[in-house]
1. Of all residues in the range 28-48, which are within 13 Å of C88 (Cα to Cα), among the hydrophobic types (A, V, I, L, M, F, W, C) and in contact (Cβ under 8 Å) with a residue 60 or more places away in the chain?
2. Scan the range 84-101 for residues that are surrounded by 15 or more Cβ atoms within 10 Å (Cβ to Cβ) and under 15 Å from K121 (Cβ atoms) and jot them down.
3. For residues that are part of a loop (DSSP other than H, G, I, E, B) and either surrounded by fewer than 14 Cβ atoms within 10 Å (Cβ to Cβ) or of a type in the set (G, A, S) (or both), tally how many sit in the range 11-32.
4. Of all residues being surrounded by 14 or more Cβ atoms within 10 Å (Cβ to Cβ) and among the acidic types (D, E) in the range 111-125, which is nearest to V60 (Cα to Cα)? Just the residue, please.
5. Determine the pairs where a residue that is modelled with pLDDT under 95, located within the range 1-27, has a partner that is assigned to a helix (DSSP H, G or I) and of a type in the set (S, T, N, Q) with Cβ atoms under 7 Å apart, the partner being 6 or more residues away or on another chain.
6. Return the residues of the range 33-62 that are outside any helix (DSSP H, G or I), within 14 Å of R7 (Cβ to Cβ) and not aliphatic (A, V, I, L, M); say none if nothing qualifies.
7. Picking from E102, E120, E86, which residue would you name as being in contact (Cβ under 8 Å) with a residue 24 or more places away in the chain and of a type in the set (D, E, K, R)?
Amino acid sequence: MPVRTIREYPDPVLRGRAEDVTDFGEELQSLLEDMWETVERYDGVGLAAPQIGVNLRVAVIGWKDRKIVLVNPVVVEYEGEEILEEGCLSAPGFYEKVARPERVVVEALDEKGQAFRTEEKGFLARALMHEIDHLEGRLFFDRISPLKRKFLKRKLEKRVEK
C-alpha cells in the first residue's frame, strides 16, 4: 500500500469535523494499511485520516509495543493535566507546550467494527487526545494562548506561501 501525502496547515481538510465510519469493508482496511505505512514513513506516533485528506473518523497510534486503531472514537472520561511540548505532522517543525489530560478513557470501534474501551495515561493519553482533536477539526496550536497561536499560524502560513 502507498505512503500518503500529509496535508499541512492551512489545508481546509484539517479544520472540519470528520464523518463517522459506517462501512468496515476493504476500503477501510486499505486506508488503515496506508495510514500505518504513512505514520511509520514520517516517523510519527499517530495519524488521523483527515491528515491524509480522508474525511473519516479514523486514527492510528503506534507507540513502543502498542498499536491502537480508533474508529469513531469518543472521549468518555478524563482527569488531571500535564503540560508538555507537542508537535504535529501537519505542522512540521513547530512545537509548543500544550495542556492535555493526564488520563483518558476512550470508547471506539476497532478495524472490524467491534466496540472497545481503552484507558491510557501519560504519553499515550496525550497521543489519543491529539488524534481525536484532528477528527474534530482541531490542531494542537488551538490549545495554546491566543498570542502564541496567532504567531505560530502566521509562521505556518508564510511557509506555505513560499
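The values are calculated or read from the model by the stated rules, or taken from the named source; none is laboratory data. This one's a predicted model, so the numbers in the text were calculated from it and none came from an experiment. Positions of Cβ are generated from backbone atoms using ideal geometry, with glycine treated the same way; all protein chains shown enter the neighbour counts.
1. So the first thing to find is which residues in the range 28-48 are within 13 Å of C88 (Cα to Cα), and the list is 39, 42-48.
Cutting the leftovers down to among the hydrophobic types (A, V, I, L, M, F, W, C) gives us 39, 45, 47-48.
Of everything in the range 28-48, those that are within 13 Å of C88 (Cα to Cα), among the hydrophobic types (A, V, I, L, M, F, W, C) and in contact (Cβ under 8 Å) with a residue 60 or more places away in the chain turn out to be V45, L47, A48.
2. R100, P101
3. Looking only at the range 11-32, we keep the residues that are part of a loop (DSSP other than H, G, I, E, B), and these are 11, 15-18, 20-25.
Going one step further and asking which of them are either surrounded by fewer than 14 Cβ atoms within 10 Å (Cβ to Cβ) or of a type in the set (G, A, S) (or both), we end up with 16-18, 20, 22-23, 25.
Adding up the residues that qualify gives 7.
4. The extreme case among them is E111.
5. Filtered contacts from the range 1-27: M1/S30.
6. Across the range 33-62, the qualifying residues are Y42, G44, G53, N55.
7. Numbers: E102 fails: in contact (Cβ under 8 Å) with a residue 24 or more places away in the chain; E120 fails: in contact (Cβ under 8 Å) with a residue 24 or more places away in the chain.
It is E86.
Per-residue answers, yes or no, for (1) surrounded by 21 or more Cβ atoms within 10 Å (Cβ to Cβ); (2) at pLDDT below 95:
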{"residue": "A127", "(1), (2)": "yes, no"}
{"residue": "I132", "(1), (2)": "yes, no"}
{"residue": "R138", "(1), (2)": "no, no"}
{"residue": "R149", "(1), (2)": "no, yes"}
{"residue": "K153", "(1), (2)": "no, yes"}
{"residue": "R159", "(1), (2)": "no, yes"}
